[in-house]
1. Please compute the alpha carbon radius of gyration of segment 5-155, then divide it by the globular-protein estimate 2.2 N^0.38 Å. Two decimals is fine.
2. For the chain, with the dipole built from +1 on Lys and Arg beta-carbon atoms and -1 on Asp and Glu ones, taken about the Cα centre, which of Ala272, Ala492, Met517 lies farthest toward the positive end?
3. Using the Cα centre of segment 335-570 as origin and beta-carbon charges of +1 (Lys, Arg) and -1 (Asp, Glu), tell me which of Ser346, Leu430, Asn386 is placed farthest towards the positive end of the dipole.
4. For n ≥ 4 DSSP H runs only, could you compute -39500 (n - 2.57) per run for the chain, divide by its residues and tell me the 222 nm figure to the nearest 500?
5. Rounded, prolate or oblate: which one fits the chain, using the alpha carbon gyration tensor with axes a ≥ b ≥ c (rounded when a/c is under 1.5, else prolate when a/b beats b/c, else oblate)?
6. Going through segment 279-308, which GluC sites (Glu not before Pro) have at most 10 other Cβ atoms within 10 Å and a DSSP loop state?
7. Summing +1 for each Lys or Arg and -1 for each Asp or Glu, what net charge is found among the other residues whose Cβ lies under 12 Å from the Cβ of Ala135?
8. Give, in nm to one decimal, the length gained when the segment between Gln230 and Val382 is fully stretched (0.36 nm per residue of separation minus the Cα-Cα distance).
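The values are calculated or read from the model by the stated rules, or taken from the named source; none is laboratory data. Just so you know, these numbers come straight off a predicted model, no measurement behind them. Note: ideal-geometry Cβ built from the backbone for every residue, glycine included; neighbour counts use all protein chains shown. Side chains included, ligands, DNA and RNA excluded: accessible areas come from the protein's heavy atoms. Shrake-Rupley method; radii C 1.70, N 1.55, O 1.52, S 1.80 Å.
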Amino acid sequence: MPVHNIEIAQTLNKLADLLEIEGANVFRVRAYRNAARLVESLPRSVADMVAANEDLAELPGIGEALALKMKEIVETGHLQALEKEAKHVPETLSDLMKIPGLGPKRVHEIFEKLKIADLKGLGNAVRTGKLRALAGFAEKTEHKIREYIERKSKAGNRVLWFTAEQIVAPLLKTLQGVKGIKQVVPAGSFRRRLETVGDVDILATGADSAEIMRRFVEYEDAVKVLAHGQTRSAIVLRSGLQVDLRVVPEESYGATLHYFTGSKTHNIAIRARALQAGLKLNEYGVFRGEKRIGGATEQEIYAAVQLPYIEPELRESRGEIEAAERGQLPKLVGLADIRGDLHAHSRATDGQSTIAELAATAQKRGYEYLAITDHSKHLSMVHGLNTTRLRQQIREIDRLNEKFHGFRILKSTEVDILESGELDLSDDILRELDLVVGAVHHIFTLSRAKQTERIIRAMDNPYFNILAHPSGRLIGEREAYEVDLERLLAAARERGCFLELNSHPQRLDLNDAYCRMAKELGVKVAIATDAHRPADLELMRFGIGQARRGWLEKEDVLNASSWRSLQQLLKRSR
Ligand code: DGT
Ligand code: CA
Ligand code: CA
């Protein structure tokens, strides 16, 4: 039974939550949280590392004790330390910690005074006014709780694309090991790279479909078999994620892949085109009368309806068929087009590694540049840099750059946009940087007009270049703040600024629709990882997925430029 990295991270986070609610030592809590973040972004499976007898204590920031705990989770599926804590405070309190505005002290109070231990109980307490009775409980907090609970129930059981990938990877590997199997590919929303997926649809071809199906329904991670047939089966995994499997003959592979990739509305439109041309298109192939004229590949499907191949990320009925007819499909950006990363944090603030370590990893990825964008002083809880410390960092980068060849560390900042729209650092120091990234980190609750004005004022600063995570959302956790992104894009265009597409799988901020709007308005998008450690540079591929859904091409992406052209693009008044 493979334990996924995401589950290890969740267990460690839960332990950190319970310890924090109990008022444990902050360093201990932080150690678990850091370990959870590390595991979450690790490109390799910890379970595989344990199986290969690798020493987990060699991972950055992981000591012997933590290594043992991670191993315990992998080997037993449990963590005794967590079970011990859960005897003092219920595990479900950890769910309450995710609610914006509720910290460990509040959660502790809610539990002690109202004996509430889970989301459901909390929802009831809001409804019956019990929560309001607690001293010092603002109406605003109550409102946030209500919003959070509503959003959770609306989102249903969709999981992040990135989580689905981790859960499904070992299943794909298992299926690939079945004798006689040919192709195994995930289709559906997973292949179209939606931010979240409802379930995962896998398609396979192979000589012995019964054997493929048997292996699938007997998969170790399955807790329920919903269907077990010759061509179609479905299981529910331990995580709650449902997986559908179809096994088809090779001659139908393309037709079935097309059908199960969707989207449904794209399928319907393509099928209508086939009908107009006197053809029949279904899951098994394209037919003229009784005669099969194609279906082994997706290319054959599109060719039959007189269209060039349309990439899965575009199949959303958002004009892709019309663009294909006109020969104007975008040539979507790929990971190989990326020349550098424009958002990364070092140990100087809340990052976990040195600038040199980040830079070496970036260079190994084939990049030409990496911008170090540590926070500014307003964010005191992460040790944001003031002018003096940023100046020291500038000198450090100058020294480091002498040691790198064919690679450049860019001097930058993720400067806080204050409520007034002023930047948290003065022009004197911003002037010395290669580029300035700005972001909103607090006061999310301004009116739409005021929030928009605030950010446009920030862009008015002649040194401002890129607006990071423009909407502030966390998928499934936090709604975007109220802001007029269309106006921000127009303002960016007028001033020569850019917007970021933050690649963190829970942010993916800009979303696909606004990426496309940026392209149409002629505002380049910076696809950046917001790395807090070298391994995070790998998050780039999630941003690329979203950019592709947003129709972005190489020319639309700021960091697909060489350093020489980037330098020109960043020049406003510098
Ligand atoms: P999800 O799972 O909610 O994230 O989204 P999908 O797109 O993966 O949807 P799902 O799993 O219900 O179905 C997979 C694909 O199967 C879908 O993208 C298109 C195709 N499909 C499902 N139902 C229909 C239908 O009624 N008509 C047509 N033409 N295609 C369908
Ligand atoms: Ca699906
Ligand atoms: Ca499905």
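1. Numbers: Rg = 17.4 Å, N = 151, 2.2 N^0.38 = 14.8 Å.
Normalised Cα radius of gyration, segment 5-155: 1.17.
2. Ala272
3. It is Ser346, whose Cα lies furthest towards the positive end.
4. Numbers: 24 runs with 247 residues, N = 574.
Helices in the chain give a 222 nm mean residue ellipticity of -13000 deg cm²/dmol.
5. Numbers: a/c = 1.60, a/b = 1.19, b/c = 1.34.
It is oblate, given that a/c is not under 1.5 and a/b is not larger than b/c.
6. Glu290
7. Working: positive: Arg106, Lys113, Arg132; negative: Glu109.
Within the 12 Å Cβ shell, the charges total +2.
8. In short, 49.1 nm is gained.
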